[in-house]
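The values are calculated or read from the model by the stated rules, or taken from the named source; none is laboratory data. These numbers come from a predicted model, not from an experiment. Ideal geometry is used to build each Cβ from the backbone, glycine not excepted, and the neighbour counts take in all protein chains shown. The accessibility values were calculated without ligands, DNA or RNA, using every heavy atom of the protein model including side chains. Shrake-Rupley method; radii C 1.70, N 1.55, O 1.52, S 1.80 Å.
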Amino acid sequence: MQMDVNQNNRRNFLKASLTISAATLVKPAVAIASLSAAEDEFKIAVGPYLQTNFNNSITILWLTNKVAAGWVEFGEQADHLNQKAYGKADLGLMQANSKLNAVTLSNLKPGTKYYYKIVSKEIKDFQPYKLTYGELVSSNIEEFVNADLNKEEVSFLMMNDIHDRPESIPHLLNQVPDQKQDFIFFNGDIFDYQTDEKQIIEHMLQPCVTHFAKQTPFIYVRGNHETRGKFAREFSQYYMHVGHTAFTLGPVRFVILDTGEDKEDSHPVYAGIVNFDDYRIQQAEWLKTEIESKAFKKAPFRIVMMHIPPRFSGDAHGPKHCTELFEPLLNKGKVDLVLSGHTHRYMVHQPDKNLNHYPLIIGGGPKNGTRTITKVKADQNKIVVSMLDDSGKEVGTYTALRK
Ligand SMILES: [Fe+2]
């Protein structure tokens, strides 16, 4: 019964989120965190990991191994964490009695370094009128820089099609040594399909936390493989969002689309429980609004990220539907660059005045020798893309000048 309510809520939320400009989904209060509570010691299971849509706010997420109440202590000096933030209250209730935690810090100062730690207090017993707390745990003090929205230059890395090979994450990151990034972008198919929470932690969250996510936020959009498996309906709760969104950072308006599945909704493997045709139509409706927005129009550059490319990924139903729905809008919006994955073959497609009016860059993966990490840097005059393979060799480049 509870499941039905949750799914209903999620469906309603999804509907609502498509009508607003940025989907921010964190519903830990209803999340199904299935971490084993068998271990005696209360601890942080994974985290903290940062996610953001910029705009002077950042979301800090973590999981504990038992239900707890948690918060973030933060400030501008490492030895003086003078502010405290809690998970978003829902109908007057603070986020608690959950293993999942998501705390958003808002109204941050541009270009400012913040120090923070996460704190969780185990809830040992939850009686209607008497709650018993257990141990308190906290992380080390970590730091991040809140990006200045007006910065001159923005840089990020894209990884895609990791397909349950967590070792690829550090391996690819190591091809780009010591370069501070504004964010790391995961362009879908990080998993083969969703099985359980353990997979989400071990195959993505933990490698991210170990290698960058305590200091540098990641942004993630679902690929077609994340829609598969018995845990696909819980999966998004572990992230700030995994669907469509848009945000501005420095000279770039970023637009992220969720391209859904690649086969027909009626395909037997989906067993009649998906509706991606409607979903993609809603995405296109949202994109239509986005390309008419002031933020989109006034940005020096517009970069679109979507897992299934809007062209050049075969004749399956999903890719064809993406071409039909999205390509005319991307052309109309005069986007400067589209970044995708899905085909497993890295490729730089040049703009074509009869097809894609924009450069379309597709990252490779997931096998050794085909994996890529794509570096993107944009300033007021140009976007420079450099795609590296897993030996660090540059296998694709593109420079887009301001029109
Ligand atoms: Fe894919």
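No other residue among SER313, SER340, SER293 is within 15 Å of the ligand (Cβ to nearest atom), open to solvent by less than 60 Å² (accessible area, probe 1.4 Å), modelled with pLDDT of 95 or more and over 21 Å from the mean Cα position of the chain (by Cα) apart from SER313. Quick one: would you say ASP164 is charged (D, E, K, R) and within 16 Å of the ligand (Cβ to nearest atom)? Judged against the criteria, ASP164 is a match.
Number of residues in the range 108-144 that are surrounded by 16 or more Cβ atoms within 10 Å (Cβ to Cβ) and in a strand (DSSP E or B) equals 13.
Do we find a residue being in contact with a His (Cβ under 6 Å, 6 or more places away or on another chain), more than 15 Å from the ligand (Cβ to nearest atom) and of a type outside the set (Val, Ile, Thr) anywhere in the range 299-306? Looking for residues that are in contact with a His (Cβ under 6 Å, 6 or more places away or on another chain), more than 15 Å from the ligand (Cβ to nearest atom) and of a type outside the set (Val, Ile, Thr), one finds none in the range 299-306, hence no.
So that you can scan it fast, the table gives a plain yes or no per residue for (1) within 16 Å of the ligand (Cβ to nearest atom); (2) in contact with a Gly (Cβ under 9 Å, 6 or more places away or on another chain); (3) of a type in the set (S, T, N, Q):
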site: PRO128; (1), (2), (3): no, no, no
site: GLY134; (1), (2), (3): no, no, no
site: SER139; (1), (2), (3): no, yes, yes
site: LEU149; (1), (2), (3): no, yes, no
site: LYS180; (1), (2), (3): no, no, no
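Can you tell me which residue is farthest from PRO309 (Cα to Cα) among those in the range 246-273 that are under 20 Å from the mean Cα position of the chain (by Cα) and of a type in the set (Ser, Thr, Tyr)? Looking at residues that are under 20 Å from the mean Cα position of the chain (by Cα) and of a type in the set (Ser, Thr, Tyr), I get THR248.
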